[in-house]
1. So how many residues does region 50-83 have that are modelled with pLDDT of 80 or more, part of a loop (DSSP other than H, G, I, E, B) and either charged (D, E, K, R) or surrounded by 10 or more Cβ atoms within 10 Å (Cβ to Cβ) (or both)?
2. Mind checking which pairs have a first residue in region 2-31 that is in contact (Cβ under 8 Å) with a residue 40 or more places away in the chain and a second that is among the charged types (D, E, K, R) and open to solvent by 80 Å² or more (accessible area, probe 1.4 Å), Cβ under 9 Å, 6 or more apart or different chains?
3. Out of all the residues in region 95-106, which are in contact (Cβ under 8 Å) with a residue 60 or more places away in the chain and either of a type in the set (A, V, I, L, M) or assigned to a strand (DSSP E or B) (or both)?
4. Restricting to region 1-49, give me the number of residues that are open to solvent by 70 Å² or more (accessible area, probe 1.4 Å), part of a helix (DSSP H, G or I) and under 20 Å from residue 62 (Cβ atoms).
5. Restricting to region 99-118, count the residues that are loosely packed, with under 14 Cβ neighbours inside 10 Å, under 15 Å from residue 55 (Cβ atoms) and of a type in the set (S, T, N, Q).
6. Looking only at region 11-43, how many residues end up being of a type in the set (A, V, I, L, M, F, W, C) and either touching a Phe, Trp or Tyr at 6+ places or on another chain (Cβ under 7 Å) or at positive phi (or both)?
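The values are calculated or read from the model by the stated rules, or taken from the named source; none is laboratory data. Please read these numbers as outputs of a predicted model, since none were measured by experiment. In this analysis, Cβ positions are derived from the backbone assuming ideal geometry, glycine residues included, and neighbour counts consider all displayed protein chains. What goes into the accessible areas is simple: the full protein's heavy atoms, side chains included, and nothing from ligands, DNA or RNA. Shrake-Rupley method; radii C 1.70, N 1.55, O 1.52, S 1.80 Å.
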Amino acid sequence: LKDPKKSYGMRLAAEEILSNMIRETQDLILGGASIVIRISRRVIESSSCVWFELTIADNGPPFDPGLDSKRDIPKNVPINQRPIGGIGLFLVQQSVDSASYCWHDSHNVYKLGTRLPVA
């Protein structure tokens, strides 16, 4: 991605999703299970914009992080007084134009999308 802000946002969102996948499957991996993570990208171009989509999938147990639920993080609460969890997924939602989850063919499938201007 040529736009530094969009590129940073996509990397931040992808890293958070990958981190969650690893955390949710670490006990299975330590127990000898084989967890496979697939990453693919797709670019859709139109006359008004370019849509960049990153798909991250794994064969771990179903884990819906609730990306379809809007998160709001209170900004006036000090970080050490906040409950654990939720900030990473809030950052995912704020960093890309679209974030979704589905369970498909025994895989967790996360899609992250961002809209880019036509060059």
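1. 11
2. From region 2-31, the pairs are 6/115.
3. Applying the first criterion (in contact (Cβ under 8 Å) with a residue 60 or more places away in the chain) to region 95-106 yields 95-96, 99.
If the condition is that a residue be in contact (Cβ under 8 Å) with a residue 60 or more places away in the chain and either of a type in the set (A, V, I, L, M) or assigned to a strand (DSSP E or B) (or both), then 96, 99 are the ones that fit.
4. Qualifying residue count for the region: 8.
5. Of the residues in region 99-118, 1 are loosely packed, with under 14 Cβ neighbours inside 10 Å, under 15 Å from residue 55 (Cβ atoms) and of a type in the set (S, T, N, Q).
6. Of the residues in that region, 2 qualify.
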